[in-house]
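Chemist: Structure provided below as structure tokens; questions to follow.
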């Protein structure tokens, strides 16, 4: 059994491995501190550290207007499922784009069918979200064009909204090994399907290739890094066959140590590991450098996801094995997460000499206290609002750094989940366990799917309530 005081930060590090679409990512292993005793590696670490702190002009190309302005947005669905007030087993699908462009959303006859629909609250929300620059759509394995309304997306694009397509096909299967030939052949077919879909949209689009790709199977093998870069390069070529006006990126997970305690600061590259872990950040550089050498990436991206509790990555070795672990604010570094984001953006910008974007950030707002010490999550032990203040303060700190971020060519971000979703990742790995249902910036009175008998037909409810000032902070 690990000694908690020594290894809590190692357990915490995998919390930064995130969820996306319908499945939560978990690499299944614990990231190391990075680096070896080899002198070449030591020199390399020092060079990376220098890159992280330099403030000099390194001649970043800002050849697109998007890179010159700071924009915010939200995701993670083309439409949000709210419960029908006449049949709880059916959904009223609220188009995410309507929350930006429909100024009369409170009087929409279709949306009035939402159970507990609060017209005034939706009107206020729409007024705030109309400042959104980006809206994020997830394309997961088996995605269908019917999931999306081309006309709705186009209406938003015509008004200046930029759609961000998170193309997450390999997803968590990368944890099990490099994609097989059969999987790669299917991927090629899917690339063409995406190309044909994007061809129907006129205007600027962002495509985020395979977020969370920096799993151990990729980054710990030089050959796999080169091979994966080739897979992504070829995929971009295929997507480009029939589509245009696309800016491409490859999104990494912010992995590494995050505990704020001084005893865990060795070799992170900063005064404290909560501020960043350069040894972990530099691991996927072969993939990035290969793609940049082929001129395939227009910008670099990364994502952030943390939670006060999750599966214990050292013990939850399979989908069916669920061993939870909870953390403290200190062990998760939540109070300095905004500083860490600035540091990572600056590091990636300086290293790869490209603009930086964060397509999604998600932080669970519930907390768990194992009162009876049985290591089992019980509903009575969950405080659904337990981390709202910490998350609210993090976004206040992050938005206060907007000018600094833009000065380092970080041109924006999107919150991963606009609403708490009582079915988020219901059939997936659920790395964040019950906190999967509390990743949004807005909550409703809907019951989490795992604590209701009728869990197969639970949708969000219309009595939306912002979590403290998160929406105001980001979108004002």
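Chemist: Given 4 °C and 1.567 mPa s, compute D for segment 143-183 with the Stokes-Einstein relation, Rh being the Kirkwood radius over Cα pairs; round to the nearest whole µm²/s. Please list the in-between numbers first.
Modeler: Numbers: Rh = 13.0 Å.
Answer, rounded: 100 µm²/s.
Chemist: With 17 Å as the cut-off, how large is the P(r) tail for segment 203-335, expressed as percent of Cα-Cα pairs?
Modeler: 67 percent
Chemist: In segment 142-182, which residues have a backbone nitrogen under 14 Å from the label point lying 7 Å from residue 103's Cα in the Cα-to-Cβ direction?
Modeler: Residues passing the 14 Å test: 159.
Chemist: Then there is this: Which three extents, in angstrom, do the Cα atoms of segment 352-429 have along their principal axes, listed largest first?
Modeler: The Cα atoms of segment 352-429 stretch 50, 28, 24 Å along the principal axes, largest first.
Chemist: In nm, to one decimal, how far is the residue 68 label point from the residue 476 one, both placed 7 Å along Cα→Cβ?
Modeler: 2.9 nm
Chemist: Percent relative contact order of segment 244-333, based on C-alpha pairs within less than 8 angstrom and at least six residues apart?
Modeler: Relative contact order for segment 244-333 comes out at 33 percent.
Chemist: Separate question: Between residue 234 and residue 131, how many nm apart are label points set 7 Å from Cα along the C-beta direction?
Modeler: Once both label points are built, they end up 4.6 nm from each other.
Chemist: Separation of segment 219-233 and segment 118-193 by C-alpha centroid, Å?
Modeler: The two parts, judged by their Cα centres, are 24 Å apart.
Chemist: Now for a separate question. Starting with the fewest neighbours, write out 96, 88 ranked by other beta-carbon atoms found within 10 Å of each beta-carbon.
Modeler: Values: 96 28, 88 14.
The fewest-first ordering by Cβ neighbours comes to 88, 96.
Chemist: Related question: Which whole-number percent is the relative contact order of the chain (Cα, under 8 Å, 6+ apart)?
Modeler: Taking the mean separation of contacting Cα pairs over the length of the chain, I get 22 percent.
Chemist: For residue 402 and residue 335, FRET efficiency with R0 = 25 Å and r from the beta-carbon atoms, rounded to 0.05? Let's see the in-between values first.
Modeler: On the way: r = 19 Å, r/R0 = 0.75.
In this case the efficiency is close to 0.85.
Chemist: In angstroms, what radius of gyration and Dmax does the chain have, counting Cα atoms only?
Modeler: Rg and Dmax of the chain, Cα atoms, are 21.3, 69 Å.
Chemist: What do you get for Rg/Rh over segment 109-166 if you use C-alpha atoms and the Kirkwood form of Rh?
Modeler: Value, to two decimals: 1.03.
Chemist: For the chain, what does -39500 (n - 2.57) per DSSP helix run (n ≥ 4), summed and divided by total residues, give at 222 nm, in deg cm²/dmol to the nearest 500?
Modeler: -9000 deg cm²/dmol
Chemist: If a paramagnetic tag sat 7 Å from the Cα of residue 447 along the Cα-Cβ line, which residues of segment 416-440 would have the backbone N under 16 Å from that point?
Modeler: 422-423
Chemist: Still on this structure, please answer the following. What FRET efficiency do you get for residue 184 and residue 427 if R0 is 25 Å and r is their Cβ-Cβ distance, rounded to the nearest 0.05?
Modeler: On the way: r = 25 Å, r/R0 = 1.00.
Plugging the Cβ-Cβ distance into 1/(1 + (r/R0)^6) gives 0.50.
Chemist: Output the relative contact order of segment 302-428, whole-number percent, from Cα pairs under 8 angstrom with separation of 6+ residues.
Modeler: The normalised contact order for segment 302-428 reaches 31 percent.
Chemist: Something else about it: How big is the equivalent ellipsoid of segment 76-232 along its three axes, where each semi-axis is √(5λ) from the Cα gyration tensor, reported in whole Å from largest to smallest?
Modeler: After diagonalising the Cα gyration tensor, the semi-axes are 36, 17, 14 Å.
Chemist: In addition: Out of all DSSP beta bridges in the chain, what portion is antiparallel? Express it as a percent rounded to 5. Could you put the intermediate results ahead of the total?
Modeler: Values: 16 of 54 bridges.
Antiparallel bridges: around 30 percent, rounded to the nearest 5.
Chemist: Give me the extension gain from residue 323 to residue 144: residue separation times 0.36 nm, minus the current Cα-Cα distance, reported in nm with one decimal.
Modeler: Gain in length upon complete extension: 61.0 nm.
Chemist: Counting other beta carbons within 10 Å of each residue's own, what order do 285, 83 fall into, fewest first?
Modeler: On the way: 285 18, 83 25.
Ranking 285, 83 by Cβ neighbours within 10 Å, fewest first, gives 285, 83.
Chemist: Exposure proxy check: 226, 438, 327 ranked by fewest other beta carbons within 10 Å? Could you put the intermediate results ahead of the total?
Modeler: On the way: 226 13, 438 29, 327 23.
Ascending Cβ contact count within 10 Å gives the list 226, 327, 438.
The numbers here are math on the coordinates, done by the rules we state, and not lab data. Everything numeric in this text was worked out from a predicted model, so none of it was measured. Cβ sites come from the backbone with ideal geometry, for glycine too, and all protein chains shown count toward neighbours.
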